[in-house]
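We did not get these values from a lab; they are worked out from the coordinates using the rules stated. What you see is a predicted model; the values in this text were computed from it and never measured. Positions of Cβ are generated from backbone atoms using ideal geometry, with glycine treated the same way; all protein chains shown enter the neighbour counts.
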Amino acid sequence: MATATATIDLNAIRHNWQKLRSMSSKDSGAVVKANAYGLGLKQVAKALYDEGARIFFVATAEEGAELRSNLGNALEIYIFSGHMIGDTELIKNYNLIPLINSIEQLSRHSELLKEKKFGVQLDTGMNRLGMEPVEWETVKGLILSLNPVLIMSHLACADEPDHKMNVTQLNIFRTLTDKLNIKKSLAATGGILLGPEYHFDLTRPGIGIYGCSPMQDCLPVLKIDIPVIQIRDIKSGETVGYGNTWTSTSEKRIATISAGYADGIFRVAGQGTRLYFEEIGCPIVGRISMDLIGVDITSLKGEPDKLELINSEQTVDKFAEGAGTIGYEFLTSLGQRYNRKYASANK
Ligand SMILES: *Cc1c(COP(=O)(O)O)cnc(C)c1O
């Protein structure tokens, strides 16, 4: 079989969430947007639910509807994008809680779903989603009369603990929500690490659950193995791959493995990335193709039938850094083709 295998450790996911929850001052939810950061909404959310998670966050109403269908009615599902045109039926039928981002969304929600729960998202400086402070002041009285269940904002620089933006946003959030008797939420993974003054009533960890930076001391969640299709010996002066970008300077043994940029192995990853056989790292040679990658396995004794891309030597964060990106982007770029195995599915 030529399909690469992505093994997702659900026990590690459970462990990491428990850790983030125990670090949080009060309650902790779980962010499972974008198919649980590419790792599989159904399996990941079930594992977190079994572990006691009851508050989930997703990006869109469609994601929320899927989550509701999978896990039933005993959980709260918040929608970061709020109440968009076309979302009304999904919000109503799947009992979703939109995080209202603007006066326009507020009017829509209060006209179309007056009795349905909602939360409010405030912008405290990131300028991405949420009501501006002046808008909030204008409609605060009206909103409070409608009993929002959560008031939240999002930090722009929480993965840089010393960044002065963190304190700025904390102070703005405090000013805007001071004395309000509503559940409050400011911190994602990075915010949890900043300390208890950022935690308020509910934290919203995502990436830390999936074992990546900025979370520390978490368990790795993902392993990737890629089958070797063919092995050949080449002479000095021969080239490998599209565009002849790599030329051998001595005799080499080259393995062609069955994965490529269609599997999230970005073309720019070529330079420092290794494929591992046990602890031995073998460099990528030539351009990464859509479905194939050349690897210099001259240093290996035997002929491996598979090589590892993601393991304890080359973590998601390390791979991502080598490709000039972050763990979040790599995880959500994995694509459809992997043979996905969920390890330790039963506790
Ligand atoms: C994605 C997201 C989170 C989770 O962030 P992580 O850095 O993955 O922990 C929390 N809140 C909002 C608003 C988000 O968009």
Can you work out the FRET efficiency for the pair Lys341 and Leu219, with r the C-beta to C-beta distance and R0 = 22 Å, to the nearest 0.05? 0.85
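When DSSP beta bridges are limited to those with both residues in the chain, what percentage is antiparallel, rounded to the nearest 5?
Details: 27 of 50 bridges.
That works out to approximately 55 percent antiparallel.
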Between the stretch 27-94 and the stretch 129-203, what's the alpha-carbon centroid distance in Å? 21 Å
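Counting only C-alpha contacts under 8 Å and six or more residues apart, can you give the relative contact order of the chain as a whole percent?
Details: 735 pairs, mean separation 70.1, N = 347.
Contact order relative to length: 20 percent.
For the stretch 10-210, what does the alpha-carbon gyration tensor say about shape, rounded, prolate or oblate, given a ≥ b ≥ c as the root eigenvalues, a/c under 1.5 as rounded, and a/b over b/c as prolate?
Working: a/c = 1.87, a/b = 1.08, b/c = 1.73.
Cα axes put the stretch 10-210 in the oblate bin.
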Nearest 10, in degrees from 0 to 90: the angle of helix 61-71 to the longest Cα principal axis of the chain is 80 degrees
Multiply the residue separation of Glu238 and Arg128 by 0.36 nm, subtract the distance between their alpha-carbon atoms, and state the gained length in nm to one decimal. 34.6 nm
In order through the stretch 79-92: 3J(HN,Hα) via Karplus (6.51 cos²θ - 1.76 cosθ + 1.60), integer Hz, x for Gly, Pro: 10, 4, 6, x, 10, 8, 4, x, 8, 4, 5, 5, 4, 5
Classified through the alpha carbon gyration tensor (a ≥ b ≥ c as square roots of its eigenvalues; rounded if a/c is under 1.5, else prolate when a/b is larger than b/c, else oblate), the stretch 2-120 comes out prolate
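When only C-alpha pairs under 8 Å and at least 6 residues apart count, what is the relative contact order of the stretch 65-125, in percent? It would help to have the intermediate numbers written out before the result.
Details: 70 pairs, mean separation 19.7, N = 61.
Answer for the stretch 65-125 is 32 percent.
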Label-point gap, in nm, between Asp291 and Glu251 - each point 7 angstrom along Cα→Cβ: 3.3 nm
Less than 17 Å apart at the alpha-carbon level, and either on another chain or at least 8 residues along: which lysines does that give for Lys235? Lys252
Size of charge dipole - the chain - debye, nearest 20, with Cβ of Lys, Arg +1 and Asp, Glu -1, no other charges: 600 debye
Among Ala269, Val149, Ile229 the positive-end extreme of the charge dipole of the chain (Cβ point charges): Val149
Computed magnitude of the charge dipole of the stretch 193-272 (debye, nearest 20; Cβ of K, R +1, Cβ of D, E -1): 380 debye
Gain in span if fully extended, Ala74 to Asn181, counting 0.36 nm per residue against the direct Cα distance: 36.1 nm
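Nearest 500 deg cm²/dmol is fine: what mean residue ellipticity at 222 nm does the chain get from its DSSP H runs of n ≥ 4 alone, each adding -39,500 (n - 2.57), divided by its residue count? Each step should come with its number before you reach the end.
On the way: 11 runs with 101 residues, N = 347.
About -8500 deg cm²/dmol.
Under the rule a/c < 1.5 gives rounded, and otherwise a/b versus b/c splits prolate from oblate, where does the stretch 222-343 land using the Cα gyration tensor? If you can, show how the numbers build up before the last one.
Numbers: a/c = 1.79, a/b = 1.48, b/c = 1.21.
In terms of gyration-tensor shape, prolate.
In the chain, which longest range has no GluC sites (Glu not before Pro) that are both DSSP loop (not H, G, I, E or B) and surrounded by at most 15 other Cβ atoms within 10 Å?
On the way: sites that count: Glu115, Glu238, Glu251, Glu278, Glu279, Glu313.
The longest uninterrupted stretch comes out as 116-237.
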